[in-house]
Structure formats: C-alpha cells, structure tokens
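Notes follow the structure.
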Amino acid sequence: MNPVLAELHEKARAVLDPVHYDFFAGGAGDEIVLARNEAAFRRLALLPRVLRGKGIRAGFPVLISPTAFHKLAHPDGELATARALDGTVLVSSMASTVPIADVVAAASGPVWFQLYLQPDFAVTEALVRRAERAGCAALVVTVDSPVFGRHRRDIEHGFHDLPAGLAAENMRDLAGVNGLRRIEMSAFTWEDVERLRSITSLPVWLKGILHPADAVLAAGHGAAGIFVSNHGGRQLDLVPAAVEALPAVVDAVAGRIPVVLDGGVRSGGDVALAVALGASAAGLGRPVLWGLAADGSHGVRRVLDVLRDEFEHVVAMCGGQLSRDMVVSRC
Ligand code: FNR
C-alpha cells in the first residue's frame, strides 16, 4: 500500500475510539466480502500497450462514496470532507452529521445526495427537496439495504446509536422523536424508483447493483447511472467482490448508462483496473474516512492526491489507454 495511505490508516486507528474505528472498518458476518473486495484487485494484472505516444486519457475518475457519521471521525465531520474535494464529486450520505445544505456550502466540488427510500413517501420527498434546495447535482438511491447488515463488531460493542450531541442532521424536523426521524430500511420496487424520478428533475443513480439483470432494469427504468457495490462488505456476506461483479454488469449495460465501481479501491492502480474493466469511475469509502480521522480536510485531500498521482502514473505506463483486453488474472 502507498505509505501515505498506510500512515493515514494507522493514525486513524490510533486516534479513533476503538468502537468507532470498528464501526468504520467492520463488515457484515464473517467479513469475507470485506476482505475479498481488496484481495480481488490483487488478483488482477494489467498488460500495458506500447508505442502509443501519450494516449488520450485525461481526468481523474474517482468519487467519494457515501459514508455515514463523519463527525465520529473528526469534529468538523462532513464539512472537512467537503472542503477537500478540489473538483472531485462527493456523494454525501443521508446519514451525515452535518445538514446537506452546509455540506454543499462548504464543498470544493460537486455534491450528490445519497438516500435510502423511506416507507413514508413524504419523508423521502422532504429529503429530495432538501437536496435540491442545497444545490446537489444528483441523487443516489442505495438499493442494497432492504434490511440492515449485521455487523458483528458493532453488536459486540453494543454500538447502535450516535453519541449525545451528534445526529443524522438531514432527518431533523421530519417529525419523529425530538424532531429527529430515524432512518428506516424497507423493501422497495422499481415502481418506487419511478415514483422518485417523477418528483424530481435531478438525475437518479442507483447504488448497490450486483446482478446484470438488475443493471438492465436500472437502465430501463431511467437510472442516470449505477454503482456496482456491495456496500463495502457491510450488507450480505455472500456476494462476490465488487470488482468481480463489474465485468458482467458492464456487458449487460452495454454503454447505455455509466457504471461506477466501489469496494476495496485502495490505490490508483485499483482505479485503473476498474476503469479498464469498464467502470466510468471508482468510489472510495474507508480510505476517505481514514484521511478524515487522521488529519481532517488535509487528510482527505492527501488521499485524493495520492490516488490521482498513482492513477496518472499507471495510465502513462499503459500508453494512455485502459481497456478490458489489458486486464488479465494473476493465477
Ligand atoms: C458506508 N457505505 C454507505 N453507503 C451508502 O449508500 N450510505 C451510507 O450511509 C453508507 N455508510 C457507510 C458507512 C461506513 C462506515 C462505510 C465503511 C461504508 C458504503 C459506501 O458507500 C461504499 O459502498 C463502501 O464504503 C465502498 O467500499 P470501501 O471503499 O470502503 O472498501
């Protein structure tokens, strides 16, 4: 691992309350998927093309995937994350500890709003209006959570509530206890996605797609794009590594909508592999949390800078081109 990322992770582990560290680091069940997400990248190799001049690839195809409760990592919470963007997209979690309007106001890049559809449609609609008013550029509906994942580390610690003084601020004043409504999980259908699309002009992405048939349905139901994601190994501990699920989804979508990959991305090389396999961008979860816990906004920026530098280096080594035929297995 890049020494800067390793240093940030170690510092995060040292400064965080161990209960909160485990909340961020942990996964569902036996944490098989959590480990596989990273290991699967190490089983892939790239065959560079040569004598192609500089190639044409430009840009930095990385975004920050939504993660909850940034104030558990740093007192400035999502404000610190938002200040670090430098043009990178932040997908801000519905479960942020700073209201979405304040996140957008602090951001140095575009902000998208992640939400879970709520059983009470009025609550979903109120969240959408908050995101629109704040100036979010897109909605990302997370669809892999009909029920909460079972996180053994949290269960062992008895961690199920935010400490006093912290709250999921986007849920404030939507009725509920003390004006704070709890985020609820529930099983929804494609019709619910259509209903959401009918009340907003924002692009609606779907996050947490693994089956190619669902990717096709997503395109058919008007999703602006999808995230191939297993929620960082935090939902069902029986699914493939995210990058293992990517190629079949890319094939099924056949270019109709962009496909983002998240889960286990820890280097610019991982980003390059995801792009070579057909992803439009790669999303980062935990590395951003480690940067945030270690050094606030500066730590998040360092994570992004390291990945950008590594990615550009790999692309230059590959003749400015990344395509599926360049990806081979190590074994
Ligand atoms: C998440 N993730 C997540 N996803 C989402 O849609 N809404 C959320 O609120 C959260 N919250 C959350 C908290 C924590 C602590 C983690 C680690 C993850 C999942 C996240 O968006 C992403 O899919 C994974 O984190 C990507 O995997 P890596 O990069 O962490 O391996």
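Throughout, read-outs are computed from the coordinates displayed, never taken from laboratory work. For clarity, every value in this text was computed on a predicted model and none was experimentally measured. Cβ: placed from backbone, ideal geometry, glycine included. Neighbour counts: every protein chain shown.
Compute a Gaussian network model of the chain, connecting alpha carbons closer than 10 Å, and tell me which residue from 292, 127, 51 fluctuates the most.
51
Tell me whether segment 20-82 comes out rounded, prolate or oblate; compute the Cα gyration tensor, take square roots of the eigenvalues as a ≥ b ≥ c, and use a/c under 1.5 as the rounded threshold.
In terms of gyration-tensor shape, oblate.
Determine the shape class of segment 84-197: with a ≥ b ≥ c the square roots of the Cα gyration tensor eigenvalues, call it rounded for a/c under 1.5, and otherwise prolate if a/b is greater than b/c, oblate otherwise.
Numbers: a/c = 1.45, a/b = 1.15, b/c = 1.26.
In terms of gyration-tensor shape, rounded.
Karplus couplings for segment 74-89 from phi (6.51 cos²θ - 1.76 cosθ + 1.60, θ = phi - 60°), rounded to Hz, Gly and Pro as x?
Here the 3J(HN,Hα) series is 7, x, 7, x, 5, 5, 5, 4, 5, 6, 8, 5, 6, x, 6, 6 Hz.
Once you order the gyration tensor axes a ≥ b ≥ c over the Cα atoms, which shape class does segment 236-321 get: rounded for a/c under 1.5, otherwise prolate or oblate by comparing a/b with b/c?
It is oblate, given that a/c is not under 1.5 and a/b is not larger than b/c.
About the Cα centre of segment 216-309, how large is the charge dipole given +1 on each Lys and Arg Cβ and -1 on each Asp and Glu Cβ? Please answer in debye to the nearest 20. Let's see the in-between values first.
Values: 7 positive and 8 negative charges, 38 e Å.
The calculated dipole for segment 216-309 is roughly 180 debye.
Once you charge only the Cβ atoms, +1 for Lys and Arg and -1 for Asp and Glu, what is the size of the charge dipole of the chain about its Cα centre, to the nearest 20 debye?
Using only the charged Cβ atoms, the result is roughly 740 debye.
Taking the number of other C-beta atoms within 10 Å as the exposure measure, put 190, 290, 205 in order starting with the fewest. Show your work: numbers first, answer last.
Working: 190 16, 290 26, 205 23.
Fewest to most other Cβ atoms nearby, the residues stand as 190, 205, 290.
Can you give the relative contact order of the chain as a percent, counting alpha carbon pairs under 8 Å and 6+ residues apart?
That works out to 28 percent.
How far is the Cα center of segment 13-78 from the Cα center of segment 309-323, in Å?
19 Å
Quick one: which of 208-221, 24-37 comes out on top by average Cβ neighbours within 10 Å, and what's the full order, highest first?
In decreasing order of mean packing, 208-221, 24-37 become 24-37, 208-221.
What are the lysines whose alpha-carbon lies under 22 Å from the alpha-carbon of residue 11, with same-chain residues fewer than 8 places away excluded?
The qualifying lysines are 71.
Relative contact order for segment 51-143: what percent, with Cα pairs under 8 Å and sequence separation of 6 or more?
25 percent
According to a simple spin-label model (label point 7 Å from Cα along Cα-to-Cβ), what is the distance in nm between residue 105 and residue 164?
Reported label-point gap for residue 164 and residue 105 is 2.8 nm.
Suppose every K and R has +1 on its Cβ and every D and E has -1 on its Cβ; what is the size of the dipole of segment 114-251 about the Cα centre, in Debye to the nearest 20?
340 debye
Along the charge dipole of the chain, pointing to its positive end and built from +1/-1 on Cβ of Lys, Arg, Asp and Glu, which listed residue (62, 290, 223) has its Cα farthest out?
Final value for the positive-end residue is 62.
Place +1 on the Cβ of every Lys and Arg and -1 on the Cβ of every Asp and Glu in segment 1-82, take the dipole about the Cα centre, and give the residue among 16, 40, 80 whose Cα lies farthest towards its positive end.
Result: 40.
So how far apart, in nm, are the two label points at residue 248 and residue 323 if each is 7 Å from Cα heading toward Cβ?
Inter-label distance under the simple model: 2.5 nm.
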